[in-house]
């Protein structure tokens, strides 16, 4: 707990694999881990939990590839947590690349979007800042994005740069590459102000392709 606000705790927990119609090439016994985020309230109770929906199965070139689905089971439920003065939309890492998730959370009432992540050095340098700013601008939400940084035992390098972005897309906090804690105060009135200036969340139109 930090003050009277909940904290976010990304964890990995065993979770039974659900049938998804895809071939299982992992060679395991059908078990998967869930990449899970908890929201813990001031009393220590669990307010909400979210299982990462989008799994990081990519080949970045130069021998750098990841197959998250070999180990993890993707979630299927978007989660909006009521944290008192605000509503918090939950997501994890690779979810960041799927804007429809954040639009749905914002249209359901999210004021703040949480995106804890471990972007690689390659993807972080190219995409981290611009994607986070885009999600804030598109939704008119504050975006909180704590990020891993440094060299890992499995050979990965992660980008770091934990960010706080306001609903107009301005970066309020950039924690850089060093380990540390960032404390900040946000003005939730900025959410309504940004959405009043550009009310795009209410301008969806049906289309065909």
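The values are calculated or read from the model by the stated rules, or taken from the named source; none is laboratory data. Values in this document were obtained by computation on a predicted structure and should not be read as measured data. Glycine gets a Cβ as well: all are built from the backbone with ideal geometry, and neighbour counts include every protein chain shown.
Specify the residue that is farthest from residue 107 (Cα to Cα); the eligible residues are those in region 188-209 that are in a loop (DSSP other than H, G, I, E, B) and out of contact with any helix residue (DSSP H, G or I) (no Cβ under 9 Å at 6 or more places or on another chain). My answer is 209. Just to be sure I understand the filter: pairs with C-beta atoms under 7 Å, separated by 6 or more residues or on different chains, first member in region 164-188 and free of Cβ contacts under 8 Å to residues at least 60 places away in the same chain, second member exposed (fewer than 11 other Cβ atoms within 10 Å of the Cβ) and outside any loop (DSSP other than H, G, I, E, B). Which pairs pass? Once the first residue is free of Cβ contacts under 8 Å to residues at least 60 places away in the same chain and sits in region 164-188, no partner that is exposed (fewer than 11 other Cβ atoms within 10 Å of the Cβ) and outside any loop (DSSP other than H, G, I, E, B) comes close enough. Within region 51-80, being surrounded by 18 or more Cβ atoms within 10 Å (Cβ to Cβ), out of contact with any helix residue (DSSP H, G or I) (no Cβ under 9 Å at 6 or more places or on another chain) and either in contact (Cβ under 8 Å) with a residue 40 or more places away in the chain or in a helix (DSSP H, G or I) (or both) holds for 72, 73, 75. Residues that are in contact with a helix residue (DSSP H, G or I) (Cβ under 8 Å, 6 or more places away or on another chain) and farther than 13 Å from residue 143 by Cα were ranked within region 104-125; the one that is surrounded by the most Cβ atoms within 10 Å (Cβ to Cβ) is 119.
The condition (being buried (at least 16 other Cβ atoms within 10 Å of the Cβ), closer than 23 Å to residue 101 by Cα and either over 14 Å from the mean Cα position of the chain (by Cα) or modelled with pLDDT under 95 (or both)) is satisfied by just one residue among 145, 136, 194: 194. Does region 95-133 hold any residues that are more than 17 Å from residue 36 (Cα to Cα), within 12 Å of the chain's Cα centre (by Cα) and either without any contact (Cβ under 8 Å) to a residue 12 or more places away in the chain or part of a strand (DSSP E or B) (or both), and which are they? Result: 112, single match. From 172, 164, which residue is outside any loop (DSSP other than H, G, I, E, B), over 13 Å from residue 112 (Cα atoms) and at pLDDT 95 or above? Unique residue meeting the criteria: 172. Taking the listed residues 202, 155, 150, the one that is more than 21 Å from residue 66 (Cβ to Cβ) and more than 16 Å from the chain's Cα centre (by Cα) is 202, with no other qualifying.
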